[in-house]
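Engineer: The structure's right below; bear with me while I get my questions together.
Please treat every number below as a calculation from the coordinates, not as lab data. All values reported here derive from a predicted model rather than from experimental measurement. As a convention, Cβ positions derive from the backbone with ideal geometry for all residues, glycine included, and neighbour counts pool all protein chains shown.
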Amino acid sequence: MESVEAVVIGAGVIGLAVARDLALSGRETLVLEAANAYGTETSARNSEVIHAGIYYPRNSLKARLCVSGKERLYAYCAERGINHKRLGKLIVAGANQLDDLAAIRTKAEVNGVNNLKWLQQDEVLALEPHLDCSAALFSPSTGIIDSHGLMLSLLADLENAGGLLSLNSPVEGGEIDTQGIVLHVGGAESMTLRSKILINCAGLAARSVALSIDGLPQKHIPPAFIAKGNYFSLSGKAPFTHLIYPVPEPGGLGVHLTLDLGGQARFGPDVEWIDTPNYEVDPARGDKFYTAIRRYWPNLPDQGLLPDYVGLRPKISGPGDPAADFAILGPETLGIDGLVSLHGIESPGLTSCLAIAEEVLSRLNIRETPMA
């Protein structure tokens, strides 16, 4: 049986950020990834937005880790030369949504986001002449990022600190024993590992991984749901320079307009609850996209949308239920020294990745400040 001090399951942006901090704190760290590359699921299929921390409930992990995480992420991108832009975003409201817009601003201020600016219709049109709305909130700290560049940098930091990434290494089960946590790893070169620290960052598979470890109390493992988000791209050049978001809808932030680093516009995600992963965009869902987008951009051309890609959000609350917070379950909850299991790490997980890593280490009482 092989031994390693710390094992992280999952090489998405969260797993890589956590593993980076463990390695930089001096722990021998191994990342196990079931796929043949890092960051192939949720981390590779999202809007690549750096969120401000506006929408989340007071004192929630999402609020706290997003607000602190965005500043750390901007600083990290600037230091490491990771491509990003602070484009700013407009949250637009119709005449019957002004109270909702005001409530969003209040919630943001409670979360420590104090730089939102209320714009009247003429001020919005001065920024974005093609929009149709009665008012908007402008968020100057919202931006976009090259998520692949971010993951590549996190991986480089991990490896420079002596950590390793093992691909094609699915965790098939494990157990808690008196000397630590034992994992049975499949793949072409199957192995059994014992570690003192185990972090479950498996994303969509987090629940199944947790359930496969004997001795991990199942009563604490949250349920798992998958929210499929379809994205459509604009066939031509967008007449916008900011991100455009409607007032949020149940299950997500509405069909919003984001721009990639090349200026290409895409719309989404919608919310489609599914039982098993499915990455096919249904072109018929575009009909609802046209309706939603034309509420704030009436001149969206007919046939202007093209099916683009699908993102899958790992959720721990299902259809009709209030959105759940991040679940970061450490020894204080699970009763197992050295074990932290992360569930429901959806948006704003990308924005929060560095702050989430710090939170995980704090649950393990690892207080060393990682090297830059």
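Engineer: Which log10 I(q)/I(0) values, to two decimals, does the stretch 208-309 give at q = 0.16, 0.17, 0.21 Å⁻¹ under the Debye formula with one point per Cα?
Structural biologist: The calculated log intensity ratios at q = 0.16, 0.17, 0.21 Å⁻¹ are -0.72, -0.78, -1.07.
Engineer: Okay, next question. Let me understand the stretch 227-372 better: what is its radius of gyration from the alpha carbons, and its Dmax, in angstrom?
Structural biologist: 18.8, 58
Engineer: So, with +1 on the Cβ of K and R and -1 on the Cβ of D and E, and no other charges, what is the size of the charge dipole of the chain about its Cα centre, to the nearest 20 debye?
Structural biologist: Roughly 780 debye, rounded to the nearest 20.
Engineer: Pick from Gly236, Gly349, Gly338: which is most flexible by mean-square fluctuation in a GNM of the chain where alpha carbon atoms under 10 Å apart are linked?
Structural biologist: Gly236
Engineer: Can you give the relative contact order of the chain as a percent, counting alpha carbon pairs under 8 Å and 6+ residues apart?
Structural biologist: 24 percent
Engineer: Can you pull the one-decimal nm distance between simple spin-label points at Thr333 and His130, each 7 Å off the Cα toward Cβ?
Structural biologist: For the pair Thr333/His130, the computed spacing is 4.3 nm.
Engineer: What does DSSP give for the chain in terms of the percent of beta bridges that are antiparallel, rounded to the nearest 5?
Structural biologist: If we restrict to bridges inside the chain, about 70 percent are antiparallel.
Engineer: Taking 45 Å as R0, compute the FRET efficiency from the Cβ-Cβ separation of Arg86 and Thr178 and round it to 0.05.
Structural biologist: About 0.35, to the nearest 0.05.
Engineer: Another question, if that's okay. Amide H neighbours of Asp321 under 5 Å, counting only residues 5+ apart in sequence or on other chains, H built in-plane at 1.01 Å?
Structural biologist: For Asp321, no residues qualify.
Engineer: Report the percentage of all Cα-Cα pairs in the stretch 36-97 whose separation exceeds 13 Å, rounded to a whole percent.
Structural biologist: 74 percent
Engineer: Under the rule of at least 5 residues apart or a separate chain, name every residue whose amide H is placed under 5 Å from the amide H of Leu165.
Structural biologist: Here the answer is Val31, since their amide H atoms fall under 5 Å of that of Leu165.
Engineer: Just tell me the longest site-free run in the chain, where the sites are GluC sites (Glu not before Pro) in a DSSP loop having at most 10 other beta-carbon atoms within 10 Å.
Structural biologist: In short, 1-188.
Engineer: Hey, how much of the P(r) for the chain falls beyond 37 Å, as a percent of Cα pairs? Can you show the working numbers first?
Structural biologist: On the way: 14067 of 69006 pairs.
Everything past 37 Å amounts to 20 percent.
Engineer: Using the Kyte-Doolittle scale, which helices in the chain average at least -1.0 and also have C-alpha atoms spread 15 Å or more along the helix axis, with helices defined as whole DSSP H runs?
Structural biologist: 13-24, 61-80, 98-110, 147-160, 349-363
Engineer: Suppose each label sits 7 Å from its Cα in the direction of the beta carbon; what would the Asp282-Ser235 distance come out to in nanometres?
Structural biologist: Between Asp282 and Ser235, the simple spin-label model gives 2.3 nm.
Engineer: While we're on this one: Can you pull a Stokes-Einstein diffusion coefficient for the stretch 181-246 at 4 °C (1.567 mPa s), Rh from Kirkwood over Cα pairs, as a whole number of µm²/s?
Structural biologist: It diffuses with D of about 79 µm²/s by this estimate.
Engineer: Efficiency by 1/(1 + (r/R0)^6): what FRET value for Ala35 and Gln218, r their Cβ-Cβ distance, R0 = 22 Å, to the nearest 0.05?
Structural biologist: 0.25
Engineer: What are the residues whose amide H is under 5 Å from the amide H of Trp273, where those residues sit 5 or more places off or on another chain and H is modelled from the backbone?
Structural biologist: Under 5 Å from the amide H of Trp273: Lys228.
Engineer: Give me the one-decimal nm value for the distance between modelled label points at Glu2 and Leu261, 7 Å along each residue's Cα-to-Cβ direction.
Structural biologist: The two pseudo-label positions are separated by 3.2 nm.
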